[in-house]
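Worksheet: the structure to be examined is printed underneath.
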Amino acid sequence: MADNAHGQPQSSGGVQTTGHVWDGDLQEFNNPLPVWWTYTFYVTIVFALVYWVVYPSWPVGKGFLPGINTVTYVNAEGQEESWHWNTRAKLLAETQEANLAQKPYFDKIAAMDFDKVVKDPELSSFVVSAGKVLFSDNCAACHQAGGQGKIGFFPNLTDDDWIYGGHFDKIQETLIKGRRGYMPPFGEALSAAQIDELANYVASLSGIKADAAKAAQGKELFHSHAAACFYCHNDDAKGRQDIGSANLTDKVWLWADVPGAETDAGKVDAVRKVIASGLDKGVMPAWEGRLKPEQIRLLTVYVHELGGGK
């Protein structure tokens, strides 16, 4: 390669070059950056300097430059407090601002009857938006995002089957006090044949094809003092809301995974397993003390309006 001996800038077709030429015709053009690009670059430098001054930035020793920007919020003692800008303080301040904006609505819901709340368009809209957030944060882990529950674990809140009652006062009571469902295991108290008979009878109450002879024996056993099922589920097997015993005639299954069974025999077997093993997992925690009274009241309306409230 041969460089331009004189190293003087030259012009090639009207474009200024640096004067460097290789192999006779390979030249280096002298194209400056566009003015707008240069100014943009300077602006980014100025922006960075301002950002470093206003917000937390460079580490210094064991700390960092905190910046001059601050966030003001109310601390746990109820006193107004300012701190250098950070995401935690910003979140706390924004949460408090949102709570202040929502407070008038919570106050109205706390002061009004449930029936009037659902008839008020503005409050109903607030219940849907704020209730969805509360439900997602506190209830959806068990009852699923839409409230449809999970057979064998958590009740479906969108149907019209309420073992403790679906009126506003009963839903609020459930939220405040929690619930603990229990059914004793009959695997040791009854023989396998008796449990099979009971399973066939209970399945037949919901229209499932069962062994007629076993179902007849199961009916007698159901109403006898040996099994004493009627104590909790009543003589008509429709349950008791005062103790949360299930209605065995409505084709709604919470604990026995009857819908998941493909055959009638499989459905009967699902009922048999629950009778034999009993239930001690129908536990819902009490939300009193975990949620504010106005939040529980709003959740009461939200759950009621999911579709199954009485």
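The values are calculated or read from the model by the stated rules, or taken from the named source; none is laboratory data. Being a predicted model, the structure only gives us computed values, none of them experimental. For neighbour counting, all protein chains shown are included, and Cβ atoms are generated from backbone atoms with ideal geometry for every residue, glycine included.
So which residues in segment 48-71 are surrounded by fewer than 12 Cβ atoms within 10 Å (Cβ to Cβ), among the β-branched types (Val, Ile, Thr) and touching a helix residue (DSSP H, G or I) at 6+ places or on another chain (Cβ under 8 Å)?
Within segment 48-71, Ile68 is the sole residue that qualifies.
Considering only segment 111-119, I want to know if a residue exists there that is exposed (fewer than 13 other Cβ atoms within 10 Å of the Cβ), of a type outside the set (D, E, K, R) and part of a helix (DSSP H, G or I).
Yes, the conditions are met somewhere in segment 111-119.
Any idea which residue in segment 125-135 is nearest to the chain's Cα centre (by Cα), counting only those that are crowded, with 16+ Cβ neighbours inside 10 Å and closer than 21 Å to Lys310 by Cβ?
Phe135
Quick one: which of Asp169, Asp113, Asp107, Asp120 is touching a Ser or Thr at 6+ places or on another chain (Cβ under 9 Å) and acidic (Asp, Glu)?
Sole residue among the options that is touching a Ser or Thr at 6+ places or on another chain (Cβ under 9 Å) and acidic (Asp, Glu): Asp169.
Restricting segment 237-289 to residues that are β-branched (Val, Ile, Thr), over 27 Å from the mean Cα position of the chain (by Cα) and surrounded by fewer than 18 Cβ atoms within 10 Å (Cβ to Cβ), which is modelled with the lowest pLDDT?
Checking each candidate, the answer is Ile243.
So how many residues does segment 99-152 have that are more than 24 Å from Gly289 (Cα to Cα) and not assigned by TED's automatic domain parsing to the domain that holds Gly166?
Qualifying residue count, segment 99-152: 10.
Can you report the number of residues in segment 231-287 which are among the hydrophobic types (A, V, I, L, M, F, W, C) and not in a helix (DSSP H, G or I)?
Of the residues in segment 231-287, 16 are among the hydrophobic types (A, V, I, L, M, F, W, C) and not in a helix (DSSP H, G or I).
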